[in-house]
Amino acid sequence: MKRAAFATAVCGLTLGATGCLPALPEQHGSTGQYTATVPRTAQFGQRYSWADGVSVEFSRPTPLRSPLIGPGRRGVQLTMTVSNGGSAPLRLPMTKLDGTFSERGTGRIVDAEPLVDKVGKIGISPDAAELPVGRTIHWQVGFSVSESAGTLLVAASPDQGAKYQDVTFAGEV
């Protein structure tokens, strides 16, 4: 799954709207209609919005120091922002994050391991159960990646990809 997300991101970043993988269907509105879409990508620091007004954004990555980071790895931290411009509350425990890291020079692809540090207030899910319509929430997420420089890819969806197709955010770390 993580390699598929990486391939989707690479295709989307290098080929733009032409895409290179089969598009996944996305439901639009209350009509129940599904339409094919191209792979969805964004850079860290950009916001991605779905047709109904729900959006996800990640800050640019910053270094993270934590005792949870193992030898030969380093930590990166991002602020994840979810805004509900939709017509119904979002169930936030359903938020999805998958990380992949591509090492510069070697091209080696490794998992970007999510970090959960209650003391440092770094986690992969906010404390709130729902995000009401018209509200925005921010929380810190962290990943453990290789010591080498490279590209971090984070596939995210506000609802585990059930209603909102994943969008892959990318950036150098």
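The values are calculated or read from the model by the stated rules, or taken from the named source; none is laboratory data. Values in this document were obtained by computation on a predicted structure and should not be read as measured data. Counting neighbours? That spans all protein chains shown, and the Cβs are built from the backbone with ideal geometry, glycine included. Side chains included, ligands, DNA and RNA excluded: accessible areas come from the protein's heavy atoms. Shrake-Rupley method; radii C 1.70, N 1.55, O 1.52, S 1.80 Å.
Calculated accessible area for segment 33-171 comes out at 48 Å² per residue, all protein chains present (probe 1.4 Å; ligands, DNA, RNA ignored).
Taking label positions 7 Å along the Cα-Cβ direction at both residue 60 and residue 81, the computed distance is 1.5 nm, reported to one decimal. On segment 118-173, 51 percent of the accessible area sits on carbon and sulfur atoms, based on a 1.4 Å probe. Relative to the current alpha-carbon distance between residue 91 and residue 43, full extension at 0.36 nm per residue lengthens the span by 14.8 nm. Summarising the amide proton neighbourhood of residue 46: residues at separation of 5 or more, or on other chains, whose placed amide H is nearer than 5 Å comprise 58. The packing ranking, built from the mean of other Cβ atoms within 10 Å per residue, places the peptides 53-66, 128-141, 88-101 in the order 88-101, 53-66, 128-141, highest first.
Normalised by 2.2 N^0.38 Å, where N is the number of residues, the C-alpha radius of gyration of segment 33-173 stands at 1.05.
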